[in-house]
Amino acid sequence: MAPSFNDDNTLFNFVVKDGNGVKGLVDSGLTEVPSRYIQPPYQRINKQQAATASPENMVIDLSELDGPNHDQVVKAIAHAAETLGFFQVVNHGVPLKLLELLKVSAHQFFSQPPEKKAVYLKAVSPSPIVKYGTSFVPEVEKALEWKDYINMVYTNDSDALEFWPNECKEVALEYIKTSKEMVKRLLQELIGNLGVNLDDSRLESLMGLRMVNMNFYPTCPNPELTVGVGRHSDMGTLTVLLQDGIGGLYVKKGENLSTGNEEWIEIPPIDGALVINIGDILQIISNGRYKSAEHRVRTTSSASRVSVPIFNVPLPVAKIGPLPELVARDGVARYRELVFQEYMNNFFGNAHEGKKSLDFAAIN
(Lines give C-alpha, C1' and ligand atoms only; values in the text may rest on other atoms or scores of the structure.)
Protein backbone atom coordinates (compact mmCIF):
# COMPACT_ATOMS: atom_id res chain seq x y z
CA MET A 1 0.00 0.00 0.00
CA ALA A 2 1.28 3.46 -0.91
CA PRO A 3 2.05 5.78 2.02
CA SER A 4 -0.37 8.62 2.73
CA PHE A 5 0.73 12.10 1.70
CA ASN A 6 -2.39 14.01 2.70
CA ASP A 7 -0.48 15.75 5.47
CA ASP A 8 1.34 18.71 3.91
CA ASN A 9 4.34 18.58 6.23
CA THR A 10 4.90 14.88 5.62
CA LEU A 11 4.67 15.37 1.87
CA PHE A 12 6.93 18.44 1.86
CA ASN A 13 9.62 16.68 3.88
CA PHE A 14 9.47 13.56 1.70
CA VAL A 15 9.49 15.36 -1.65
CA VAL A 16 11.55 18.49 -0.99
CA LYS A 17 13.74 18.13 2.09
CA ASP A 18 14.59 14.43 1.76
CA GLY A 19 15.10 14.68 -2.00
CA ASN A 20 12.65 12.00 -3.11
CA GLY A 21 11.07 14.42 -5.57
CA VAL A 22 7.92 13.81 -7.56
CA LYS A 23 9.45 10.63 -8.90
CA GLY A 24 9.62 9.31 -5.35
CA LEU A 25 5.89 9.96 -5.00
CA VAL A 26 5.15 8.05 -8.18
CA ASP A 27 7.47 5.19 -7.25
CA SER A 28 5.70 4.87 -3.88
CA GLY A 29 2.64 3.62 -5.74
CA LEU A 30 0.22 6.50 -5.28
CA THR A 31 -2.92 6.32 -7.39
CA GLU A 32 -4.13 9.91 -7.07
CA VAL A 33 -2.46 13.30 -6.90
CA PRO A 34 -1.91 14.66 -3.36
CA SER A 35 -3.88 17.82 -2.61
CA ARG A 36 -0.71 19.96 -2.50
CA TYR A 37 -0.29 19.39 -6.25
CA ILE A 38 -3.85 20.22 -7.30
CA GLN A 39 -3.86 23.49 -9.22
CA PRO A 40 -6.73 26.01 -9.14
CA PRO A 41 -8.95 25.61 -12.23
CA TYR A 42 -7.58 28.68 -14.05
CA GLN A 43 -4.04 27.25 -13.89
CA ARG A 44 -4.90 23.85 -15.34
CA ILE A 45 -4.19 22.99 -18.96
CA ASN A 46 -7.02 21.80 -21.18
CA LYS A 47 -5.33 20.07 -24.08
CA GLN A 48 -8.53 19.96 -26.12
CA GLN A 49 -8.90 23.74 -26.00
CA ALA A 50 -5.35 24.50 -27.15
CA ALA A 51 -4.27 24.86 -30.76
CA THR A 52 -1.15 23.19 -32.12
CA ALA A 53 1.36 25.40 -33.86
CA SER A 54 1.82 24.56 -37.52
CA PRO A 55 5.40 23.26 -37.93
CA GLU A 56 5.96 24.93 -41.29
CA ASN A 57 5.21 28.31 -39.72
CA MET A 58 7.58 27.82 -36.81
CA VAL A 59 10.69 26.02 -38.08
CA ILE A 60 13.58 28.20 -39.22
CA ASP A 61 16.57 26.77 -41.08
CA LEU A 62 19.57 28.59 -39.62
CA SER A 63 21.87 27.44 -42.42
CA GLU A 64 20.05 29.92 -44.66
CA LEU A 65 21.43 32.84 -42.65
CA ASP A 66 24.60 32.42 -44.71
CA GLY A 67 22.90 32.34 -48.09
CA PRO A 68 20.80 34.51 -50.38
CA ASN A 69 17.76 34.11 -48.11
CA HIS A 70 19.47 35.84 -45.16
CA ASP A 71 17.12 38.81 -44.98
CA GLN A 72 14.03 36.63 -45.26
CA VAL A 73 15.26 34.37 -42.44
CA VAL A 74 16.03 37.34 -40.18
CA LYS A 75 12.56 38.70 -40.88
CA ALA A 76 11.04 35.37 -39.81
CA ILE A 77 13.13 35.27 -36.62
CA ALA A 78 12.23 38.86 -35.74
CA HIS A 79 8.53 38.29 -36.44
CA ALA A 80 8.50 35.31 -34.08
CA ALA A 81 10.32 37.34 -31.43
CA GLU A 82 7.84 40.22 -31.76
CA THR A 83 4.73 38.04 -31.56
CA LEU A 84 4.73 34.57 -30.00
CA GLY A 85 8.25 34.75 -28.54
CA PHE A 86 8.89 31.14 -29.59
CA PHE A 87 10.25 29.46 -32.70
CA GLN A 88 12.09 26.26 -33.60
CA VAL A 89 15.38 25.93 -35.45
CA VAL A 90 17.06 23.23 -37.52
CA ASN A 91 20.61 23.09 -38.89
CA HIS A 92 21.58 24.77 -35.63
CA GLY A 93 25.07 23.32 -35.25
CA VAL A 94 24.33 21.04 -32.29
CA PRO A 95 24.98 17.41 -33.34
CA LEU A 96 21.78 15.38 -33.62
CA LYS A 97 23.44 12.42 -31.91
CA LEU A 98 24.17 14.66 -28.92
CA LEU A 99 20.49 15.61 -28.67
CA GLU A 100 19.57 11.94 -28.34
CA LEU A 101 22.32 11.34 -25.78
CA LEU A 102 21.03 14.26 -23.70
CA LYS A 103 17.60 12.67 -23.43
CA VAL A 104 19.09 9.30 -22.52
CA SER A 105 21.36 10.89 -19.89
CA ALA A 106 18.45 12.76 -18.33
CA HIS A 107 16.51 9.53 -17.89
CA GLN A 108 19.61 7.85 -16.47
CA PHE A 109 20.10 10.56 -13.85
CA PHE A 110 16.50 10.58 -12.66
CA SER A 111 16.19 6.79 -12.64
CA GLN A 112 18.77 6.61 -9.85
CA PRO A 113 17.74 5.87 -6.24
CA PRO A 114 16.74 9.02 -4.30
CA GLU A 115 19.88 9.00 -2.16
CA LYS A 116 22.07 9.28 -5.27
CA LYS A 117 20.25 12.42 -6.39
CA ALA A 118 19.86 13.92 -2.91
CA VAL A 119 23.61 14.54 -2.65
CA TYR A 120 22.98 17.51 -4.97
CA LEU A 121 20.28 19.13 -2.82
CA LYS A 122 21.14 22.79 -2.25
CA ALA A 123 21.93 22.33 1.44
CA VAL A 124 24.49 19.57 0.84
CA SER A 125 25.61 19.95 -2.79
CA PRO A 126 29.39 19.77 -3.28
CA SER A 127 29.27 23.03 -5.23
CA PRO A 128 26.88 25.96 -5.80
CA ILE A 129 27.11 25.26 -9.55
CA VAL A 130 24.96 22.13 -9.27
CA LYS A 131 21.58 21.76 -7.58
CA TYR A 132 18.93 19.05 -7.55
CA GLY A 133 15.39 20.06 -6.70
CA THR A 134 11.70 19.81 -7.38
CA SER A 135 8.92 22.20 -8.45
CA PHE A 136 10.15 25.84 -8.72
CA VAL A 137 10.17 27.58 -5.32
CA PRO A 138 8.28 25.02 -3.21
CA GLU A 139 8.70 27.07 -0.03
CA VAL A 140 6.37 29.79 -1.37
CA GLU A 141 4.13 27.91 -3.81
CA LYS A 142 0.51 27.26 -2.90
CA ALA A 143 0.35 24.38 -5.37
CA LEU A 144 3.49 22.47 -6.30
CA GLU A 145 4.60 21.73 -9.85
CA TRP A 146 4.91 18.11 -11.04
CA LYS A 147 8.60 18.30 -11.94
CA ASP A 148 12.07 17.33 -10.69
CA TYR A 149 15.24 18.91 -12.06
CA ILE A 150 19.01 19.06 -11.93
CA ASN A 151 20.48 22.53 -12.52
CA MET A 152 24.08 22.92 -13.71
CA VAL A 153 25.74 26.35 -13.94
CA TYR A 154 28.65 26.67 -16.34
CA THR A 155 31.72 28.47 -15.01
CA ASN A 156 34.49 26.57 -16.81
CA ASP A 157 35.13 23.09 -18.18
CA SER A 158 37.14 21.82 -15.22
CA ASP A 159 34.49 22.80 -12.65
CA ALA A 160 31.77 21.18 -14.74
CA LEU A 161 33.69 17.91 -15.05
CA GLU A 162 34.50 17.91 -11.34
CA PHE A 163 31.12 18.81 -9.85
CA TRP A 164 28.34 18.02 -12.33
CA PRO A 165 26.77 14.53 -12.05
CA ASN A 166 28.68 11.75 -13.80
CA GLU A 167 25.53 10.55 -15.55
CA CYS A 168 25.15 13.73 -17.58
CA LYS A 169 28.15 16.06 -17.18
CA GLU A 170 29.92 15.32 -20.47
CA VAL A 171 26.85 15.59 -22.70
CA ALA A 172 25.57 18.68 -20.83
CA LEU A 173 28.94 20.38 -21.24
CA GLU A 174 29.04 19.57 -24.95
CA TYR A 175 25.49 20.89 -25.34
CA ILE A 176 26.46 24.24 -23.83
CA LYS A 177 29.60 24.52 -25.95
CA THR A 178 28.07 23.50 -29.29
CA SER A 179 25.06 25.82 -28.88
CA LYS A 180 27.04 28.96 -28.02
CA GLU A 181 27.67 30.17 -31.57
CA MET A 182 24.02 29.65 -32.49
CA VAL A 183 22.87 31.76 -29.53
CA LYS A 184 25.37 34.49 -30.33
CA ARG A 185 24.31 34.57 -33.98
CA LEU A 186 20.61 34.76 -33.08
CA LEU A 187 21.27 37.65 -30.70
CA GLN A 188 23.40 39.40 -33.30
CA GLU A 189 20.63 39.16 -35.89
CA LEU A 190 17.86 40.16 -33.47
CA ILE A 191 19.73 43.21 -32.17
CA GLY A 192 20.82 44.13 -35.69
CA ASN A 193 17.19 44.00 -36.79
CA LEU A 194 16.53 46.79 -34.29
CA GLY A 195 19.07 48.97 -36.09
CA VAL A 196 21.66 48.62 -33.33
CA ASN A 197 25.11 47.12 -33.71
CA LEU A 198 26.66 45.59 -30.60
CA ASP A 199 30.31 44.59 -30.51
CA ASP A 200 31.31 41.11 -29.39
CA SER A 201 31.89 42.13 -25.78
CA ARG A 202 28.38 43.59 -25.44
CA LEU A 203 26.85 40.54 -27.11
CA GLU A 204 28.82 38.26 -24.80
CA SER A 205 27.60 40.23 -21.79
CA LEU A 206 24.02 39.25 -22.64
CA MET A 207 24.93 35.57 -22.44
CA GLY A 208 27.68 35.79 -19.83
CA LEU A 209 26.16 33.08 -17.64
CA ARG A 210 24.84 29.81 -19.01
CA MET A 211 22.87 27.22 -17.09
CA VAL A 212 21.62 23.87 -18.31
CA ASN A 213 18.71 22.10 -16.66
CA MET A 214 17.55 18.56 -17.06
CA ASN A 215 13.84 18.48 -16.25
CA PHE A 216 11.93 15.31 -15.44
CA TYR A 217 8.14 15.11 -15.52
CA PRO A 218 7.04 11.73 -14.11
CA THR A 219 3.80 10.10 -15.19
CA CYS A 220 0.87 11.63 -13.32
CA PRO A 221 -2.30 9.79 -12.22
CA ASN A 222 -4.42 12.95 -12.61
CA PRO A 223 -2.80 15.14 -15.28
CA GLU A 224 -5.96 17.23 -15.65
CA LEU A 225 -5.45 18.57 -12.10
CA THR A 226 -1.75 19.42 -12.25
CA VAL A 227 0.92 21.28 -14.19
CA GLY A 228 4.49 20.29 -14.92
CA VAL A 229 5.48 23.96 -14.90
CA GLY A 230 3.16 26.86 -14.17
CA ARG A 231 2.70 29.86 -16.44
CA HIS A 232 5.83 32.00 -16.53
CA SER A 233 8.38 33.70 -18.75
CA ASP A 234 12.11 32.97 -18.59
CA MET A 235 14.25 35.57 -16.85
CA GLY A 236 17.20 35.52 -19.26
CA THR A 237 18.05 36.61 -22.77
CA LEU A 238 17.43 33.52 -24.90
CA THR A 239 16.51 29.98 -23.90
CA VAL A 240 17.47 26.96 -25.99
CA LEU A 241 15.21 23.97 -25.31
CA LEU A 242 15.44 20.33 -26.29
CA GLN A 243 12.09 18.52 -26.13
CA ASP A 244 11.58 14.78 -26.24
CA GLY A 245 8.90 13.24 -28.45
CA ILE A 246 6.09 13.33 -25.89
CA GLY A 247 5.21 17.01 -26.03
CA GLY A 248 3.41 19.17 -23.51
CA LEU A 249 4.86 22.69 -23.97
CA TYR A 250 2.24 25.45 -24.32
CA VAL A 251 2.76 29.12 -25.19
CA LYS A 252 0.30 31.94 -24.63
CA LYS A 253 -0.67 33.83 -27.76
CA GLY A 254 -0.82 37.56 -27.09
CA GLU A 255 -0.17 39.47 -23.88
CA ASN A 256 -3.37 41.34 -23.09
CA LEU A 257 -6.05 38.67 -23.03
CA SER A 258 -7.81 38.26 -19.70
CA THR A 259 -7.86 34.99 -17.77
CA GLY A 260 -10.48 32.73 -19.31
CA ASN A 261 -10.13 34.29 -22.76
CA GLU A 262 -6.53 33.28 -23.34
CA GLU A 263 -5.38 31.33 -26.36
CA TRP A 264 -2.67 28.73 -25.80
CA ILE A 265 -0.67 27.04 -28.52
CA GLU A 266 1.16 23.74 -28.15
CA ILE A 267 4.71 23.71 -29.49
CA PRO A 268 4.99 20.29 -31.15
CA PRO A 269 8.17 18.23 -30.79
CA ILE A 270 10.07 18.13 -34.08
CA ASP A 271 12.81 15.58 -34.53
CA GLY A 272 16.23 17.24 -34.62
CA ALA A 273 14.91 20.73 -33.86
CA LEU A 274 15.63 22.99 -30.90
CA VAL A 275 13.08 25.39 -29.46
CA ILE A 276 14.17 29.01 -28.96
CA ASN A 277 12.26 31.35 -26.71
CA ILE A 278 12.69 35.01 -25.91
CA GLY A 279 13.44 35.85 -22.27
CA ASP A 280 12.62 38.87 -20.12
CA ILE A 281 16.03 40.47 -20.60
CA LEU A 282 15.63 40.60 -24.37
CA GLN A 283 12.22 42.22 -23.90
CA ILE A 284 13.80 44.79 -21.58
CA ILE A 285 16.81 45.68 -23.75
CA SER A 286 14.60 45.90 -26.86
CA ASN A 287 12.38 48.36 -24.94
CA GLY A 288 9.42 46.04 -25.39
CA ARG A 289 9.82 45.35 -29.11
CA TYR A 290 10.57 41.66 -28.56
CA LYS A 291 8.24 39.70 -26.29
CA SER A 292 9.32 37.20 -23.69
CA ALA A 293 7.08 34.18 -24.03
CA GLU A 294 4.62 33.18 -21.33
CA HIS A 295 4.57 29.40 -21.34
CA ARG A 296 3.74 26.35 -19.24
CA VAL A 297 4.01 22.56 -19.33
CA ARG A 298 1.31 19.94 -18.90
CA THR A 299 1.70 16.52 -17.34
CA THR A 300 0.69 13.18 -18.80
CA SER A 301 -0.40 9.78 -17.52
CA SER A 302 1.10 7.88 -20.44
CA ALA A 303 4.88 8.32 -20.06
CA SER A 304 7.54 10.25 -18.18
CA ARG A 305 8.87 13.24 -20.09
CA VAL A 306 12.24 15.02 -20.13
CA SER A 307 13.34 18.39 -21.46
CA VAL A 308 16.77 20.02 -21.48
CA PRO A 309 16.90 23.84 -21.59
CA ILE A 310 19.94 26.09 -21.64
CA PHE A 311 19.27 29.46 -20.03
CA ASN A 312 21.52 32.17 -21.47
CA VAL A 313 21.53 35.08 -19.03
CA PRO A 314 23.73 38.09 -18.24
CA LEU A 315 26.32 37.96 -15.49
CA PRO A 316 24.82 38.84 -12.09
CA VAL A 317 26.83 42.10 -11.94
CA ALA A 318 25.74 43.26 -15.41
CA LYS A 319 23.62 46.40 -15.73
CA ILE A 320 20.47 45.76 -17.74
CA GLY A 321 18.15 48.29 -19.33
CA PRO A 322 16.71 49.36 -22.68
CA LEU A 323 19.35 50.05 -25.31
CA PRO A 324 19.94 53.83 -25.40
CA GLU A 325 19.52 53.94 -29.18
CA LEU A 326 16.01 52.51 -28.84
CA VAL A 327 15.03 54.85 -26.01
CA ALA A 328 16.12 57.81 -28.14
CA ARG A 329 14.12 56.50 -31.10
CA ASP A 330 11.01 55.55 -29.10
CA GLY A 331 11.06 58.69 -26.98
CA VAL A 332 10.44 56.70 -23.80
CA ALA A 333 12.13 54.06 -21.66
CA ARG A 334 9.62 51.35 -20.77
CA TYR A 335 11.95 49.66 -18.28
CA ARG A 336 14.40 50.97 -15.72
CA GLU A 337 18.07 50.11 -15.60
CA LEU A 338 18.99 47.59 -12.93
CA VAL A 339 21.67 45.11 -11.95
CA PHE A 340 20.78 41.63 -13.15
CA GLN A 341 21.36 40.12 -9.70
CA GLU A 342 18.41 42.19 -8.45
CA TYR A 343 16.22 40.78 -11.19
CA MET A 344 17.32 37.21 -10.42
CA ASN A 345 16.63 37.64 -6.71
CA ASN A 346 13.10 38.81 -7.45
CA PHE A 347 12.52 36.05 -10.02
CA PHE A 348 13.61 33.21 -7.74
CA GLY A 349 11.92 34.71 -4.69
CA ASN A 350 8.39 34.22 -6.03
CA ALA A 351 6.22 31.45 -7.41
CA HIS A 352 5.52 31.35 -11.14
CA GLU A 353 2.83 33.90 -12.01
CA GLY A 354 2.74 34.60 -15.72
CA LYS A 355 4.92 37.54 -16.75
CA LYS A 356 4.63 39.32 -13.42
CA SER A 357 8.41 39.14 -13.02
CA LEU A 358 8.70 41.88 -15.65
CA ASP A 359 6.78 44.28 -13.40
CA PHE A 360 9.93 44.49 -11.28
CA ALA A 361 11.68 46.35 -14.10
CA ALA A 362 8.75 48.13 -15.73
CA ILE A 363 8.29 51.89 -15.58
CA ASN A 364 4.60 52.57 -15.05
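The values are calculated or read from the model by the stated rules, or taken from the named source; none is laboratory data. Predicted model only: the values in this text are computed from it and were never measured. Ideal geometry is used to build each Cβ from the backbone, glycine not excepted, and the neighbour counts take in all protein chains shown.
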Quick check on segment 242-259. Is at least one of its residues at pLDDT below 95, more than 21 Å from GLU145 (Cα to Cα) and touching a strand residue (DSSP E or B) at 6+ places or on another chain (Cβ under 6 Å)? yes
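Given the options ASN350, ASN364, name the one that is modelled with pLDDT under 95 and over 30 Å from PRO218 (Cβ atoms).
Numbers: ASN350 fails: over 30 Å from PRO218 (Cβ atoms).
None of the other options fit; the residue is ASN364.
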Among all residue pairs at least 6 apart or on different chains, which show Cβ distances below 6 Å where the first residue, located in segment 79-101, is closer than 26 Å to ILE265 by Cα and the second is basic (Lys, Arg)? GLY85/LYS291
Answer residue from segment 55-65, given it is over 12 Å from ALA273 (Cα atoms) and at pLDDT below 95 and is surrounded by the fewest Cβ atoms within 10 Å (Cβ to Cβ) among those: GLU56
Which residue out of ASN193, ASN166 is farther than 30 Å from ARG289 by Cβ, surrounded by fewer than 20 Cβ atoms within 10 Å (Cβ to Cβ) and modelled with pLDDT of 95 or more? ASN166
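Taking LYS253, is it surrounded by fewer than 20 Cβ atoms within 10 Å (Cβ to Cβ) and in contact with a Ser or Thr (Cβ under 9 Å, 6 or more places away or on another chain)? Give the derivation first.
Details: surrounded by fewer than 20 Cβ atoms within 10 Å (Cβ to Cβ): yes; in contact with a Ser or Thr (Cβ under 9 Å, 6 or more places away or on another chain): yes.
Yes, satisfied.
Yes or no, residue by residue, for (1) free of Cβ contacts under 8 Å to residues at least 24 places away in the same chain; (2) not in a loop (DSSP other than H, G, I, E, B):
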residue: LEU161; (1), (2): yes, yes
residue: TYR175; (1), (2): no, yes
residue: ARG185; (1), (2): no, yes
residue: GLY195; (1), (2): no, no
residue: ARG202; (1), (2): yes, yes
residue: ASN213; (1), (2): no, yes
residue: THR219; (1), (2): no, no
Hey, among the residues in segment 265-294 that are over 17 Å from the mean Cα position of the chain (by Cα) and not in a loop (DSSP other than H, G, I, E, B), which one's farthest from TYR42 (Cα to Cα)? ILE285
Taking the options ALA76, ALA81, name whichever one is buried (at least 19 other Cβ atoms within 10 Å of the Cβ) and part of a helix (DSSP H, G or I). ALA81
Matching residues, segment 307-349, being assigned to a strand (DSSP E or B) and under 30 Å from PHE110 (Cα atoms): SER307, VAL308, PRO309, ILE310, PHE311, ASN312, VAL313
Is one or more of the residues making up segment 181-197 more than 24 Å from ALA76 (Cβ to Cβ) and aliphatic (A, V, I, L, M)? no
Step by step: first the residues of segment 95-142, then only those that are hydroxyl-bearing (Ser, Thr, Tyr) and either surrounded by fewer than 19 Cβ atoms within 10 Å (Cβ to Cβ) or in a loop (DSSP other than H, G, I, E, B) (or both), then the one that is modelled with the lowest pLDDT. Which residue is that? SER135
